Amino acid sequence: MKLCCDNATAICDKGQYGEIKIWEKIKLGLHFLWCKKCRRYSKQNSILSKCYRNHQEFEKKKQCCLTDLEKECMDERIKENTIF
Amino acid sequence: MAREIKHFLNPDKWVELHSDYLFNYTISRISDRDLSKDLVQDTFFAGLNAMGNFKGKASERTWLIAILKRKIIDYYRKINSVKGKTEVKMNFYPDGEREGEWIEQRVPSDWNNEIDKNIENRELSVAIEKCINKLPDKYAIVFRMKTIQELETEQICKELDITSSNLWVIIHRARTQLRKCMEDNWFKN
């Protein structure tokens, strides 16, 4: 029944995506009662999740689209391969 | 009963019609620009070779996406089998008397200045990006899909052909690793 810190923080990570079961939540709560390190981990985890959410827009902007030149190259290579 | 529409393939138009879609689909998962471009190109080549198998039941794009998904799984398997190199640093004792406890140097330290940090600025994003890029590729991909793209667990498992317990172990390792990296590079006084 007793959790080690590795397992406790694993549950904590899963919890950041809202995917833990009620009994996991209880076990985690019990662990937090005596473990200050994991309590701190959990608090920082929420802050980090917020940071990662803000990071989404930045990632999406960076990603978008092939350039016209890249498309041209791709198209040419397809045509080379269709001749035969 | 509705008559089924028969679809056709027209490779001359593939780049014009589908390349952006396929590319954005790939880069949102793989993140590396050149690699994503290569996977899309490979998808087109594989499509050309497999044109004879096209039955016309699915749309051209659906068919190309199915091929691309296969390419992504293959890529993931390939990097997954590369052992060692940039393995994640351990945060907990793997065995012995203290199994599962925090390793001293990895214990979260106090971020007493985090309240003053503006979490919406660009520098923070750069720091996050750097830390994610330090993860082994196989962890970075899963972490990005789950956290940045916010894809469903089930969908990720299907796309990468991994189990959900597999996924959660990876997320756990990625997040503990990232926490330490962010602590060292951003939150530390």
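Which one is nearest to B:A127 (Cα to Cα), of the residues in segment A:12-38 that are at the interface with chain B (Cβ under 9 Å from one of its Cβ atoms) and part of a helix (DSSP H, G or I)?
A:D13
Filter segment A:1-11 down to the residues that are within 12 Å of chain B (Cβ to nearest Cβ) and not in a helix (DSSP H, G or I), then identify the one that is nearest to B:D95 (Cα to Cα).
A:C4
Residue-by-condition table, conditions (1) at positive phi; (2) polar (S, T, N, Q); (3) at pLDDT below 90; (4) surrounded by fewer than 11 Cβ atoms within 10 Å (Cβ to Cβ):
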residue: B:M51; (1), (2), (3), (4): no, no, no, no
residue: B:K71; (1), (2), (3), (4): no, no, no, no
residue: B:N91; (1), (2), (3), (4): no, yes, no, no
residue: B:G100; (1), (2), (3), (4): yes, no, no, no
residue: B:I119; (1), (2), (3), (4): no, no, yes, no
residue: B:E129; (1), (2), (3), (4): no, no, no, no
residue: B:Q149; (1), (2), (3), (4): no, yes, yes, no
residue: B:E152; (1), (2), (3), (4): no, no, no, no
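Pull up segment B:134-158, narrow it to residues that are part of a helix (DSSP H, G or I), in contact (Cβ under 8 Å) with a residue 24 or more places away in the chain and more than 10 Å from every other protein chain (Cβ to nearest Cβ), then point me to the one that is farthest from the chain's Cα centre (by Cα).
Applying the filter and picking the extreme gives B:K134.
Which of the residues belonging to segment A:58-81 are of a type outside the set (K, R), assigned to a helix (DSSP H, G or I) and loosely packed, with under 12 Cβ neighbours inside 10 Å? Steps first, please.
Let us first name the residues in segment A:58-81 that are of a type outside the set (K, R), namely A:58-59, A:63-70, A:72-76, A:78, A:80-81.
Narrowing the set further to residues that are assigned to a helix (DSSP H, G or I) leaves A:58-59, A:63, A:68-70, A:72-76, A:78, A:80-81.
Correct list: A:D68, A:L69, A:E76, A:E80.
Quick check: is even one residue across segment A:45-57 modelled with pLDDT of 95 or more, crowded, with 16+ Cβ neighbours inside 10 Å and more than 9 Å from chain B (Cβ to nearest Cβ)?
The answer is no; no qualifying residue exists.
Looking at segment B:1-36, which of its residues are more than 8 Å from chain A (Cβ to nearest Cβ) and touching a Ser or Thr at 6+ places or on another chain (Cβ under 7 Å)?
Answer for segment B:1-36, where residues must be more than 8 Å from chain A (Cβ to nearest Cβ) and touching a Ser or Thr at 6+ places or on another chain (Cβ under 7 Å): B:H7, B:L22, B:T26, B:I30, B:S36.
Checking B:A2 against (1) closer than 20 Å to B:E159 by Cα; (2) among the hydrophobic types (A, V, I, L, M, F, W, C); (3) at pLDDT below 90, only one condition comes out false. Which one?
(1)
Which pairs have Cβ atoms under 6 Å, sit 6 or more apart or on different chains, and link a residue in segment A:1-22 that is surrounded by fewer than 20 Cβ atoms within 10 Å (Cβ to Cβ) to one that is part of a helix (DSSP H, G or I)?
If the second residue must be part of a helix (DSSP H, G or I), the pairs left are A:L3/A:K27; A:L3/A:H31; A:Q16/A:N45; A:Q16/A:S49; A:I20/A:I11; A:I20/A:K14.
When the residues of segment B:2-29 are narrowed to those that are surrounded by fewer than 21 Cβ atoms within 10 Å (Cβ to Cβ) and aliphatic (A, V, I, L, M), which ends up farthest from B:I72 (Cα to Cα)?
B:A2
So, B:W63, is that one part of a helix (DSSP H, G or I) and facing chain A (nearest Cβ under 10 Å) or not?
Numbers: part of a helix (DSSP H, G or I): yes; facing chain A (nearest Cβ under 10 Å): no.
Criteria not met by B:W63.
Which ones in segment B:159-180 are in a helix (DSSP H, G or I), under 13 Å from the mean Cα position of the chain (by Cα) and surrounded by fewer than 22 Cβ atoms within 10 Å (Cβ to Cβ)?
Initially, segment B:159-180 is screened for residues in a helix (DSSP H, G or I), giving B:159-160, B:164-180.
Among the residues that remain, those that are also under 13 Å from the mean Cα position of the chain (by Cα) are: B:159-160, B:167, B:170-171, B:174.
Hits for segment B:159-180 are B:E159, B:L167.
The values are calculated or read from the model by the stated rules, or taken from the named source; none is laboratory data. Worth saying up front: this structure is predicted, and the values here are computed from it rather than measured. We place every Cβ from the backbone using ideal geometry, glycine too, and count neighbours over all the protein chains shown.
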